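Q: Here it is: the structure, laid out below.
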Amino acid sequence: MLKLQFKDSRQPPVWLADEKITLGQDARNHLVLPDHGVSLFHAEIRREDGHYFLSDCASEAGTWVNGERVSGRYQIRADDSVQIGPVALQFIDPLKTVAKPDNSKKWFLQVIQGENEGKKYPLSGSMTFGRSVKCELCFNDVELSRRHCEFFFKDGVLEVKDLGSANGVLLNRAKVSAATLQAGDQLQMGAVVLLVIGPKVEVVQAQDEDATVFMPMAPMTRIVKGSAASLPGPAQMQKVPAPAVATSSTSKVVTLVVLLAAVAVALWAVRGLF
């Protein structure tokens, strides 16, 4: 859950626990801002499925996020800065602030091609890239959109998101709408090519349960023709027993012949008597 804190520390941070929070001068607002330049009902914050969206309520001075005026619903993330009239606010995530170190100070974008080649830009919080002078990373390139893309940190990891640019964002020559960045990646927006410099971060990729898993094949013994070493030796060869000779049938035939001969001799002797 996010908190909304005042940069001038005029009052303690406010938990964004309700589904709808309104801001303005009127006393009926959830967060009353009595400052001159703030409309009666200036802006509202809605919480939907764990995400926060900020909208301007047709205020005269407008609502600004990270230096850019909000025209519709704007998704809020931790570390985003909001300006409502003279009041400067910031969204913070207390859990991330306490439990996780700030790795943003270790990340840089270095221009390796295009305007300001060789310059290195440190990254912190949420930073927009484009032609608009209100972007934290402003480049005067006609191929860039006014708000081309956004760099921000999620769980200490640097990410980039295309903000609906005309020419897109290329990550290592592949077009992406949003991606997690690692040290050594190259980004191209228009004619500007940036090199990501930062700590090595292990990104765990989700395993596809339907993916085919290829098992390694067992090594096969190579037999070289004419090589005695590849053939089994005499000691390794097993003797195959010779088939048994069928002697039982022969003995039966001999016995039958002897028996018939004896019968013939007996008949001959009986015939002699008569």
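Q: If Q188 satisfies every condition in (1) at positive phi; (2) buried (at least 17 other Cβ atoms within 10 Å of the Cβ); (3) not hydrophobic (A, V, I, L, M, F, W, C) but one, which is the exception?
A: (1)
Q: Tell me which residues, restricted to segment 128-166, are open to solvent by 20 Å² or more (accessible area, probe 1.4 Å), under 13 Å from M189 (Cβ atoms), not in a loop (DSSP other than H, G, I, E, B) and not charged (D, E, K, R).
A: Residue satisfying the conditions is C138 alone.
Q: Determine, yes or no, whether R10 is of a type in the set (D, E, K, R), modelled with pLDDT of 90 or more and open to solvent by 40 Å² or more (accessible area, probe 1.4 Å).
A: Details: of a type in the set (D, E, K, R): yes; modelled with pLDDT of 90 or more: no; open to solvent by 40 Å² or more (accessible area, probe 1.4 Å): yes.
The answer is no for R10.
Q: Tally the residues that are in a loop (DSSP other than H, G, I, E, B) and either open to solvent by less than 90 Å² (accessible area, probe 1.4 Å) or among the acidic types (D, E) (or both), restricting the search to segment 30-40.
A: To start, the set of residues in segment 30-40 that are in a loop (DSSP other than H, G, I, E, B) comprises 30, 33-40.
Filter once more, so that each one left must be either open to solvent by less than 90 Å² (accessible area, probe 1.4 Å) or among the acidic types (D, E) (or both): 33, 35, 37-39.
Number of matching residues: 5.
Q: Just to check your reading of the model, which residue among G118, G184 is within 22 Å of the chain's Cα centre (by Cα) and small (G, A, S)?
A: Details: G118 fails: within 22 Å of the chain's Cα centre (by Cα).
When all the criteria are applied, what remains is G184.
Q: If I go through segment 1-56 residue by residue, how many of them are more than 15 Å from V82 (Cβ to Cβ) and among the charged types (D, E, K, R)?
A: Result for segment 1-56: 8.
Q: Okay, next question. Just checking, how many residues over segment 41-67 are surrounded by 14 or more Cβ atoms within 10 Å (Cβ to Cβ) and either in a loop (DSSP other than H, G, I, E, B) or at pLDDT below 90 (or both)?
A: 8
The values are calculated or read from the model by the stated rules, or taken from the named source; none is laboratory data. Nothing here was measured: the structure is a model prediction, and the numbers come from that model. When we count neighbours, we look across all protein chains shown, and the Cβ atoms used for this are built from the backbone with ideal geometry, even at glycine. Please note that ligands, DNA and RNA were not included when accessible areas were found on the heavy atoms of the full protein model with its side chains. Shrake-Rupley method; radii C 1.70, N 1.55, O 1.52, S 1.80 Å.
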